[in-house]
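Read the figures in this text as sums done on the coordinates, not as results from a lab. A quick note: this is a predicted structure, and the numbers were derived from the prediction, not measured. Cβ sites come from the backbone with ideal geometry, for glycine too, and all protein chains shown count toward neighbours.
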Amino acid sequence: MTIDTTAVPAADPGLSTVAQIEALADQLSQNADDLHDRVMRDIAAYQGASANAEQQAIARALLEDEAVLRQRANGLYADAAALVVQSLGASQRQLMQLTADAGEKIRKIAKIGNVVGLVGGLVLLAGAVASGQAAPIIVAIEKIRRQAKRIEALTPKKPG
């Protein structure tokens with residue numbers, strides 16, 4: 001999925017209302033759900049056998065990131081009124097599409113280790129929004145975009 005970042009609709013400035021911050025918190029909570037389901041699916045795939053140390057470390061790190069993502073999403077719900085961001089330069093639609101695409105990649109990527117950077121970007125975004133400052137949010141958005149492109153480059157293309 002491609003996100004159009006060339007034009008920002010004036011009527012849709014991202015994170016400029018409480019409802020928009022709550023909608024992002026909803027999406028980040030869904031990303032945490034997707035991550036949890038994905039890690040549990042990978043663990044179940046071992047069918048009682050032990051995963052190697054690298055895979056265990058990845059699973060633990062991703063479950064820790066899931067917890068942080070949930071905490072930050074919950075913080076966004078609690079502090080939404082104080083976190084309205086002006087002049088972000090990204091539309092709410094773009095932010096929602098970016099996090100929805102991240103969730104899809106988390107659910108579908110073949111090798112779970114490849115989502116670590118993407119999940120890190122989501123955690124960074126949740127923390128950046130909590131700062132209420134546009135600059136760290138923009139940095140987090142760019143990290144998610146870069147990681148999504150890396151994942152797309154690693155994903156085998158279906159014969160067309």
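With respect to the chain, whose longest principal axis is taken over its alpha-carbon atoms, helix 18-44 is tilted by about 0°.
Net charge of the neighbourhood of residue 147, taken over other residues with C-beta under 12 Å away and scored Lys/Arg +1, Asp/Glu -1, is +3. Average 1/r across all pairs of distinct alpha carbons in region 44-107, invert it, and you get the Kirkwood radius: 14.9 Å. Set the Förster distance to 25 Å, then compute FRET efficiency between residue 63 and residue 150 from the Cβ-Cβ distance, nearest 0.05. Approximately 0.70, to the nearest 0.05.
Based on the Cβ-Cβ distance from residue 30 to residue 50, what FRET efficiency comes out when R0 is 25 Å, to the nearest 0.05? The formula returns an efficiency of 0.20 here. The long axis of helix 116-131 is offset from the longest Cα principal axis of the chain by roughly 30 degrees. Is any residue of region 120-160 close enough, with backbone N under 11 Å, to a label point placed 7 angstrom from the Cα of residue 79 along the Cα-Cβ axis, and if so, which? Within reach of a label on residue 79, which here means backbone N under 11 Å from a point 7 Å along Cα→Cβ, region 120-160 contributes 127-133. Viscosity 1.002 mPa s, temperature 20 °C: give me the Stokes-Einstein translational D for region 1-159 in µm²/s, with Rh taken as the Kirkwood radius over C-alpha pairs. D = 133 µm²/s. Contact order for the chain, expressed relative to its length and based on alpha carbon pairs under 8 Å spaced 6+ residues apart, stands at 33 percent. Sorting 35, 154 from the fewest to the most surrounding beta carbons within 10 angstrom yields 154, 35. Against the chain, whose longest principal axis is taken from its Cα atoms, helix 134-154 shows a tilt of about 30°.
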